[in-house]
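The values are calculated or read from the model by the stated rules, or taken from the named source; none is laboratory data. Keep in mind that this is a model prediction, so the values were computed, not measured. Neighbour counts run over all protein chains shown; Cβ positions are idealised from the backbone, glycine included. Each accessible area value is taken on the protein alone, full model and side chains, heavy atoms only, with ligands, DNA and RNA left out. Shrake-Rupley method; radii C 1.70, N 1.55, O 1.52, S 1.80 Å.
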4 protein chains.
Amino acid sequence: MAIRYHTATFENIPSEKRERILRAASRVLGRDGIGGARMADVAAEAGVSHGSMFSYFPTKDDMIRAVIARGMSLQAERFAASDDEGAGFAATVRTVFRSAWDEASAEPELISLWLSLSLVENARFADAILPLERDSTERWRRVVARGKASGEIDQGIDDGAAAYLLDALAAQLMKSRASGLERAKLELFVGTGLAEAAPDRMTDAVVAMLR
Amino acid sequence: MAIRYHTATFENIPSEKRERILRAASRVLGRDGIGGARMADVAAEAGVSHGSMFSYFPTKDDMIRAVIARGMSLQAERFAASDDEGAGFAATVRTVFRSAWDEASAEPELISLWLSLSLVENARFADAILPLERDSTERWRRVVARGKASGEIDQGIDDGAAAYLLDALAAQLMKSRASGLERAKLELFVGTGLAEAAPDRMTDAVVAMLR
Amino acid sequence: MAIRYHTATFENIPSEKRERILRAASRVLGRDGIGGARMADVAAEAGVSHGSMFSYFPTKDDMIRAVIARGMSLQAERFAASDDEGAGFAATVRTVFRSAWDEASAEPELISLWLSLSLVENARFADAILPLERDSTERWRRVVARGKASGEIDQGIDDGAAAYLLDALAAQLMKSRASGLERAKLELFVGTGLAEAAPDRMTDAVVAMLR
Amino acid sequence: MAIRYHTATFENIPSEKRERILRAASRVLGRDGIGGARMADVAAEAGVSHGSMFSYFPTKDDMIRAVIARGMSLQAERFAASDDEGAGFAATVRTVFRSAWDEASAEPELISLWLSLSLVENARFADAILPLERDSTERWRRVVARGKASGEIDQGIDDGAAAYLLDALAAQLMKSRASGLERAKLELFVGTGLAEAAPDRMTDAVVAMLR
DNA sequence: TATGAATGAGATTTCATTCAT
DNA sequence: AATGAATGAAATCTCATTCAT
């Protein structure tokens, strides 16, 4: 069902090499951008020959899609892993904000790539992550619904707006791990050097607001 | 005091032409991205010769900085214009969200360009808008302070977090005017075709939450 | 005595496989041209591995020469088969034109390949078919000689020119089976859709002219 | 009405340079073939930079079409120039065969290019010369008609076949100037070193045959 | 000052050939 | 002997920048 952007050759090589290449691509794409990334750099960083890249992916665009697809499934896995239907609203928000923060810190280049997908110039890749965004939407809606059911969220609150706000906050936190500008902005609000505390502080704040 | 990125020649041409060039550059940069924009396209769109571009700006990077600087001062003007220290918190949020939305709708390419500046690949331009972000921060802090003073915001609310949240929401609304992906995400929350109502709905929601 | 362009390995594989490979090569060379043909395509079309091709033929050029040599001997066989020293001039011309037409229709890619050999860029392969051309010359000279002897050709006719003309006509007919342009040209003369009747019509015409 | 394959830039440069580039392209295409010709070689041979070539022609294919178009109009001019409706059949054939021979000798690379167009691999360019072929057809039909009217051609002769034969012979003579293989073949018929006499000898032969 | 032709370094992509398994 | 992954040189095309007019 999932579309494959790579060639049969790519499926035949050792999975260790496959991972190495996709990680290198992810790193270069995150660093130099979709347009600025050079296949030769990815090849060098992955320790394969320039020509080999094109035996793994028909075109640069295909490689990009493959990296996005991998990023998506990694993210989906993490979402699923952090999902605990039994936890309370505040605990859930705290867990999700914290894990979003940690994952973004671990692979900031994937976040950079994700940021790129919002640009019109890269719109042709955006469809690749829509499913993930949809997934994320649903997740937040359910979290809000549970919060209302448990009384942790005021009944008068607009569900959709609350979900949007929570999603936007999580996204903003992640972006501040990948982007110097977003990080600077975050520090303007929480204080220089206090970024690390941001996920918890935001959790407290948002939980308080919604009650 | 402000740094000039253009040449003396650029100052000698009619201001109408100057505007035309900067607007064309803005449009092309927003559409094709910082890396993907071509000087020849800007020239063609502005109705000047390709060669002239380099007599106005020493390099492409300089032209980009000039466009960003112009975007910044436009934005600063608007901020100043919409500032009404006498208005209440709710009214201020509504006005700012709405005007952010309208301005983004009017010049989405400036928003696109602004989005680009969060990417690491374009980090060398980010310092150009930091002053504006700082300005925006201060503004939201003052708005929150007024809200607390007037009792429209609960005393227990974390000031910094509230300001961050309001800023993030305003930014998110603006971005959804320039990016198909962000627009799709907004519609996932507020419902397809209901994007237009988003600024008011977000205002209502956030005002309710902070009370 | 004949030069071998293939390796010893090629001689050890089943003759069925050998044929399959040479036919595939012929097809690909005819379709994509000598320069444009890709070894990988030949391999795929023949159902052997890419690498094997180079264990059968040291280089692409060798493979091409092998294909040409095979085409030559096929053609020589057919020449010999259609040779009937006892037949009259008109009957001989008719038979040869018709069989040239039919053979070209059956394996147009061999004709394409033969056409390629007239190009300067492929001159290095031309020596491979000179013997065949020489053979063809001799054959036509003999046919003309028989025609004169039997009185079917006017004594005043220039033998060499007549033979050249007959050979050129036969060649032209064959080429029109492989080349869209040559076919279009033939139809300009004989009428659209009437190409199939061309061999007989040309036979009648040329027999009438030489009498 | 005529389609232009070059850019506006190409029209702005000195006509001397334009000619130089098209001639260089023609030479390289004739020598290395359509697929084998390299833009860098054309550029070097014309004394312009590699990059400039792409400011004159959007793509290599466009350059090829431009060269073909130029070859066509040169050829059409010559056709028109050698047209003498008042001349007798034999004189016309002699003039046309001779001028075809001379022109082919003067610019063999154009003939090579023309030969290339018969290959399936180059079929996408063939439509560019169909008008010329059509023109040539009509011309030979008229020549044959005049020959019949003046009694120089036997009434029983098949008009279409005669025209086809004359056209094929002219083409064959031209091709033998560009192709070593075709030249060798011609010499097999007329005798080594006697190629130069071929046009006249063929004229005599064909005039005799058709009477 | 304005123009637009010219340049060349650099990016993607192709493919004959090699070689480890 | 067979396979197919790996290689890297080379080809087309792009575009910021320069420069003669």
Q) Given a cut-off of under 8 Å on Cα pairs at least six residues apart, what relative contact order in percent is computed for the range A:1-70? A) 46
Q. Taking a point 7 angstrom from the Cα of residue A:211 along the C-beta vector, which residues in the range B:194-209 have backbone N less than 19 Å away?
A. B:206-209
Q | Local electrostatic count, residue B:121, Cβ distance below 13 Å [Lys/Arg +1, Asp/Glu -1] | A | -1
Q.
Tell me which of D:100, D:112, D:166 sits at the most positive position along the dipole axis of the range D:83-210, charges placed on C-beta atoms (Lys, Arg +1; Asp, Glu -1).
A. D:166
**Q.** chain B: Cα Rg divided by the 2.2 N^0.38 Å rule of thumb
**A.** 1.13
**Q.** In nm, spacing of pseudo-spin labels at residue C:85 and residue C:73 (7 Å Cα→C-beta vector)
**A.** 2.5
**Q.** Other-copy label distances relative to residue A:197, 7 angstrom Cα-Cβ extension, nm
**A.** 4.1, 9.9, 10.9
Q: Specify the inter-centroid distance of the range A:18-82 and the range A:124-179, based on alpha-carbon positions, in whole Å.
A: 27
(Q) As a test of the formula, what do you get for the protein assembly as shown when each DSSP H run with n ≥ 4 contributes -39,500 (n - 2.57) and the sum is divided by the residue count, at 222 nm and rounded to the nearest 500 deg cm²/dmol? (A) -24500 deg cm²/dmol
Q: Normalising by the residue count of chain C, find the relative contact order in percent from Cα pairs under 8 Å and 6+ residues apart.
A: 22
Q. What is the spread of the Cα atoms of the range D:28-93 along each of their three principal axes, largest first, in whole Å?
A. 52, 21, 20
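Can you pull out the trypsin sites (Lys or Arg not before Pro) in the range C:27-60 whose DSSP state is coil and whose Cβ has at most 11 other Cβ atoms within 10 Å? Walk me through the numbers before you get to the answer.
Numbers: sites: C:27, C:31, C:38, C:60; in loops: C:38.
Within the range C:27-60, no trypsin sites (Lys or Arg not before Pro) qualify (loop, at most 11 other Cβ atoms within 10 Å).
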Q | Solvent-accessible area of residue B:127 with every protein chain in place, 1.4 Å probe, in Å² to the nearest 10 | A | 100
Q: Please give, to one decimal in nm, the separation of the simple spin-label points placed at residue B:192 and residue A:204, each 7 Å out from Cα toward the Cβ.
A: 4.3
Q. Mind listing the phi-derived Karplus ³J(HN,Hα) values for the range A:42-50, rounded to whole Hz, using 6.51, -1.76 and 1.60 with θ = phi - 60°, and x for any glycine or proline?
A. 4, 4, 4, 5, 8, x, 10, 7, 3
**Q.** In order through the range A:54-59: 3J(HN,Hα) via Karplus (6.51 cos²θ - 1.76 cosθ + 1.60), integer Hz, x for Gly, Pro
**A.** 7, 8, 9, 9, x, 9
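Assuming R0 = 22 Å, what is the FRET efficiency of residue B:183 and residue A:159, from their Cβ-Cβ distance, to the nearest 0.05?
Calculated value: 0.60.
Just by accessible area at a 1.4 angstrom probe, what is the order of B:70, C:18, B:211, A:124 from largest to smallest? Don't skip to the end; give the middle numbers.
Details: B:70 30, C:18 70, B:211 165, A:124 115 Å².
The residues order as B:211, A:124, C:18, B:70, largest area first.
Show A:130, A:186, C:194 ordered by accessible area, largest first, where the area counts protein heavy atoms only and the probe is 1.4 Å.
On the way: A:130 50, A:186 0, C:194 95 Å².
Result, largest first: C:194, A:130, A:186.
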Q: Between the label point of residue D:76 and that of the same position in each other copy, find the distances and list them shortest first in nm, with every label point placed 7 Å from Cα along the Cα-to-C-beta direction.
A: 4.7, 6.0, 6.4
**Q.** J(HN,Hα) series, the range A:123-135, from Karplus relation 6.51 cos²θ - 1.76 cosθ + 1.60, nearest Hz, glycine and proline x
**A.** 4, 5, 9, 5, 4, 5, 10, 3, x, 5, 5, 4, 4
Q: Enter the accessible area of residue C:101 (Å², nearest 10), with the probe set to 1.4 Å and all protein chains included.
A: 0
Q: Beyond 55 Å, what share of the Cα-Cα pairs of the protein assembly as shown is found? Please give it as a whole percent.
A: 39
Q | Nearest-to-axis residue of chain C, judged by beta-carbon position, where the axis maps C onto A, in Å | A | C:51, 4
Q.
Using a Cα-Cα cut-off of under 19 Å, which lysines could be cross-linked to residue D:17, ignoring same-chain neighbours fewer than 8 residues away?
A. D:60
Q. For residue D:142, which inter-copy label distances result when the label point lies 7 Å beyond Cα on the Cα-to-Cβ vector, reported in nm to one decimal and in ascending order?
A. 4.5, 8.3, 8.8
Q) Setting aside same-chain residues fewer than 8 positions from residue B:185, which lysines have a Cα under 26 Å from its Cα? A) A:148, A:175, A:185, B:175
Q | Most mobile of B:168, B:81, B:90 in a GNM of chain B (Cα contacts under 10 Å) | A | B:81
